[in-house]
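Below you'll find the structure, written out as structure tokens, and then a few comments.
The values are calculated or read from the model by the stated rules, or taken from the named source; none is laboratory data. Given the structure is predicted, the values throughout are model-derived calculations rather than measurements. Virtual Cβ from ideal backbone geometry, glycine too; neighbours counted across all protein chains shown. Each accessible area value is taken on the protein alone, full model and side chains, heavy atoms only, with ligands, DNA and RNA left out. Shrake-Rupley method; radii C 1.70, N 1.55, O 1.52, S 1.80 Å.
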Amino acid sequence: MATASAPGKVYLFGEHAVVYGEPAVPCAIERRATVTVEERADDRLRIDAEDLSLDGFTVEFSGSTDESPSVDVSESLLTAAMGYVDAAVDQARDAADRPNAGFDVTIDSDIPLGAGLGSSAAVVVAGIEAGTRELGVELSRAELAERAYQVEHEVQDGQASRADTYCSTMGGAVRVEGDRCETIEAPDLPFVVGYDGGAGDTGELVSGVRALKDEYDFAADTVTAIGDIVRQGERALEAGDVDELGRLMDFNHGLLSALGVSARSLDAMVWGAREAGAKGAKLTGAGGGGCIVALDESSATETALEYTPDCEQVFRARLDKEGVRLEP
Ligand code: MEV
């Protein structure tokens with residue numbers, strides 16, 4: 001039996017635009033998905049997920065996601081969750097050259113599913129690490145990140161960047177631009193996360209942005225402008241200028257909203273945070289519902305979000321410098 005965990009993340013800047021080669025800066029946060037993998041005697045796969053902010057589901061299948069369990073959650077969310085685990089297990093089999101290995105997989109996560117905090121990337125990264133260790137193979141972090149990216153790329157129909165999976169593997173703040181990924185220095189920023197209890201469909205949201213970008217030059221310019229914000233943001237990060245980071249986050253949110261990926265609940269939380277005096281606030285991840293991230297050293301934003309009707313949960317998130325790790 002092998003157990004590994006990997007962190008979720010918030011995007012300081014650059015989601016969506018990163019899919020088209022602009023840079024992005026996601027930051028790993030101290031919320032983890034933990035995956036335990038135990039090899040079985042047969043070639044089947046059993047997935048047990050008690051806490052993915054779903055009601056908890058258990059499913060047993062052999063290589064296909066057709067056998068959906070009957071739980072009361074969005075079908076697309078569930079199919080996506082199973083697809084990620086299925087593909088992660090395939091990567092572990094491939095890395096160990098054991099195509100027919102069967103597994104019992106248990107997932108425990110305190111990252112809500114589809115909410116913009118990189119739950120799928122964390123499950124995939126931890127799943128590949130646990131699966132390969134269980135089969136006696138130790139991957140370098142670079143190879144693990146690459147294999148995790150292949151999973152997201154496959155499950156998201158070719159519309160994934162390396163940002164989520166690289167960040168979850170390496171931890172800390174990272175910069176991703178196309179194939180170029182690196183960890184960067186960052187102060188421990190005062191992240192406050194607001195969660196509306198909902199989720200967005202990443203595939204659909206990414207397709208929507210692509211359609212706008214293909215139809216309108218000004219939408220393509222908006223994507224480029226997000227890249228400009230990221231470049232400016234990197235300078236602010238180097239200088240430790242939290243005021244400037246906040247202004248740029250506000251701007252980034254406005255452009256994501258123009259691209260159609262915000263939601264009333266996300267806007268309400270963003271405005272709640274801003275009116276409470278946060279340095280800046282924006283949605284994080286694919287959008288459509290889920291989480292916002294704000295910068296505030298004081299407790300004012302947390303208090304304001306607790307009283308924002310659209311906000312179901314609010315928490316402070318610290319930068320997680322560790323990335324993927326084996327658990328005892
Ligand atoms: C989703 O967490 C982030 C997106 O930029 C998609 C991706 O980078 O793969 C929307």
Taking amide H positions as placed in the peptide plane 1.01 Å from N, state which residues far from residue 103 in sequence (5 or more) or on other chains have amide H under 5 Å from it.
-> 40, 44, 45, 46
Mind ordering 268-277, 221-230 by average Cβ neighbours within 10 Å, highest first?
-> 268-277, 221-230
What ³J(HN,Hα) values, in whole Hz, does the Karplus curve 6.51 cos²θ - 1.76 cosθ + 1.60 give for the stretch 173-189 when θ = phi - 60°, with x put for Gly and Pro?
-> 8, 10, 10, 10, 9, x, 7, 8, 10, 8, 8, 10, 6, 8, x, 6, 6
Nitroxide proxy distance, nm - points 7 Å out along Cα→Cβ at residue 297 and residue 221 = 3.8 nm
Which residues' amide hydrogens lie under 5 Å from the amide hydrogen of residue 172, considering only partners 5 or more residues apart or on another chain, with H built in the peptide plane?
-> 28, 320, 321, 322, 323
Accessible area in square angstrom per residue, the chain, 1.4 angstrom probe | 40 Å²
Might you work out the accessible area of residue 279 for me, using a 1.4 Å probe with all protein chains in place, and round it to the nearest 10 Å²?
-> 90 Å²
Counting sequence-distant residues (5 or more places) and residues on other chains, those with an amide H built under 5 Å from that of residue 286 are 116
For every helix of n ≥ 4 consecutive DSSP H residues, a contribution of -39,500 (n - 2.57) applies; sum these over the chain, divide by its total residues, and give [θ] at 222 nm rounded to the nearest 500 deg cm²/dmol.
-> -13500 deg cm²/dmol
Carbon + sulfur, % of accessible area of the chain - ligands and nucleic acids excluded, 1.4 Å = 43 percent
Take the alpha-carbon centre of the stretch 160-179, take the same for the stretch 267-328, and report the distance between them in whole Å.
-> 20 Å
Accessible area in the full protein assembly, largest first, 1.4 Å probe, for 36, 169 = 36, 169
Computed lengthening from residue 322 to residue 159, 0.36 nm per intervening residue step minus Cα-Cα distance | 56.0 nm
Convert each backbone phi in the stretch 86-100 into a coupling constant with the Karplus relation 6.51 cos²θ - 1.76 cosθ + 1.60 (shift: θ = phi - 60°), then list the ³J(HN,Hα) values in order as whole Hz, x for Gly and Pro.
-> 4, 5, 5, 4, 4, 5, 5, 4, 5, 4, 9, 6, 10, x, 9
Mind listing the phi-derived Karplus ³J(HN,Hα) values for the stretch 275-287, rounded to whole Hz, using 6.51, -1.76 and 1.60 with θ = phi - 60°, and x for any glycine or proline?
-> 5, 7, x, 4, 5, x, 7, 7, 5, 10, x, 5, x
Note the angle between two axes, namely the Cα long axis of helix 141-155 and the longest principal axis of the Cα atoms of the chain, as a number of degrees from 0 to 90, rounded to the nearest 10.
-> 90 degrees
Helix 202-215 sits off the longest principal axis of the Cα atoms of the chain, rounded to the nearest 10 on a 0 to 90 degree scale, by 50 degrees
